[in-house]
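What follows is calculated from the coordinates using simple rules that are stated; it is not laboratory data. Please read all numbers here as calculations on a predicted model, not as lab measurements. A quick note on method: Cβ atoms are made from the backbone with ideal geometry, for glycine too, and the neighbour counts reach across all protein chains shown.
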Amino acid sequence: MIEAATADRVKLKPGDTIGILGGGQLGRMLALAAARLGLRCQVFSPDPDSPAFDVVLNAACAEYADVEALELFANDVDVITYEFENVPAAAAMILAARRPVLPNRKVLETTQDRLAEKDFVKRLGIGTAAYADVTSAASLHAAIAKIGLPAVLKTRRFGYDGKGQAIIREGDNFDRVWADIGTKSAILEAFIPFEREISVIAARSANGEVECFDVTENEHRDHILKMSRAPAAIPDALALEARRIAEAIATALDYVGVLAVEMFVLEDESGPRILVNEIAPRVHNSGHWTLDGASISQFEQHIRAIAGWPLGKPVRYGAVTMTNLIGDEVLDYEKWLTVPGATVHLYGKGAPRPGRKMGHVTQVEADPAQK
Ligand SMILES: Nc1ncnc2c1ncn2[C@@H]1O[C@H](COP(=O)(O)OP(=O)(O)O)[C@@H](O)[C@H]1O
Ligand SMILES: [Mg+2]
């Protein structure tokens, strides 16, 4: 398969058009960042209610299996990117034959499958939770014998916000857990009694330059990100190691754009240790603080990287928090609007269903040392 162009040949000019696959809030915020740089976006999404459609002039509302729609979309844009990792391989292949797709398609292969992703991280010599491939009730029993309990069973594909996961504890009915997960393709991971969860948002340009934002600390509620804080309250040496891990992953993937690496910080006898949890080949919820808390946002970094422009050197404005507005919490938006120093972002989604990310709020506390 001949790719339409390699990343190092992409060099957009203001007025050029970026194609974004996926129409959620991440696509919307990417398009807004592109607009600020004089770039246009066209969004491709099968969902007519896509929040990203509201902020672009041209939207392609079609299924990812619609070859004609994909071809028309590719013809209309100069470079193609995506805001979610589950872009079907066939769609990515059709598009890549016509226009550069960044990050490259191999990235999708690795990150769409939790087993391939863990194998990849392990090959780089980076720590992960102990894990095993699970394809049947019998192999689940074998995996539990190897890894121990508690453990987390996860579908290899299509999991998000904790969906497609089950914690298995001593005394559980393993056959029942296997039947309930409803797939033949899963992995079992050792449950990590982490001290905290952190993430690194890294950008890599086509010429191999990498810029990481300050390490972010993340708090989940019901498996959904509730709050992020930057910088993470961890020792400098650990923060440096986290950034090095993200950089090594981006480089090994020959990545162009922004990616997020989710990590666990584990405290043991020899001190704190980092394990990689997962890689998101896209802008990430834990990087939303950069919209108002840094001189360059993760969205702008991604746009710069895929446009073939120089990456920014982001300056953080202080101690930043990002609070997600999930489900009904968005109904409090007027209250948030009156909080001094708070910046409110609403995604323009319709009904606030439980667990749905509806918006977020950033708050910056200026660093007294910087005043
Ligand atoms: N092996 C594990 N040990 C402890 N907690 C875990 C483990 N795997 C996942 N979790 C918890 O569940 C959350 C969601 O899991 P994750 O693998 O990141 O899937 P996703 O974000 O795709 O739903 C993590 O952020 C973490 O809080
Ligand atoms: Mg995750």
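Some observations on this one:
- For the chain, relative contact order (Cα pairs under 8 Å, six or more residues apart, normalised by length) works out to 15 percent.
- Going from the residue with the fewest nearby Cβ atoms within 10 Å to the one with the most, CYS212, CYS61 rank CYS61, CYS212.
- Backbone amide hydrogens, once placed in the peptide plane, bring LEU325 within less than 5 Å of MET358, GLY359, HIS360, VAL361, excluding anything fewer than 5 places away on its chain.
- Highest-fluctuation residue, GLU71, GLU170, GLU109 considered, GNM on the chain with Cα pairs under 10 Å: GLU170
- Look at where the Cα atoms of the range 114-159 and of the range 329-367 average out, and the two centres are 36 Å apart.
- Annotation: amide H-H contacts under 5 Å for PHE44 (H modelled 1.01 Å from N, sequence separation of 5 or more, or interchain): ILE20, LEU21, GLY22, ALA60.
- Working note: Cα gyration tensor of the chain, eigenvalues times five, square-rooted, sorted largest first, giving semi-axes of 31, 26, 21 Å.
- Bridgeable lysines around LYS118 (alpha carbons under 26 Å apart, same-chain partners fewer than 8 residues away excluded): LYS106, LYS146, LYS154, LYS163, LYS184, LYS226.
- The distance from the alpha carbon centre of the range 89-106 to that of the range 243-292 is 24 Å, rounded to a whole number.
- Take the Cβ atoms of ASN58 and ARG9, set R0 to 35 Å, and the FRET efficiency comes out at 0.90.
- With a simple spin-label model that places each label point 7 Å from the Cα along the Cα-to-Cβ direction, the separation between ASP268 and ASP367 comes to 3.2 nm.
- Based on C-alpha pairs under 8 angstrom that are at least 6 apart in sequence, the range 196-279 has a relative contact order of 34 percent.
- Working from label points 7 Å from Cα in the Cα-to-Cβ sense, the ALA116 to ASP236 distance is 4.0 nm.
- Computed from point charges on the beta carbon alone (+1 for Lys and Arg, -1 for Asp and Glu), the dipole magnitude for the chain about its Cα centre is near 460 Debye.
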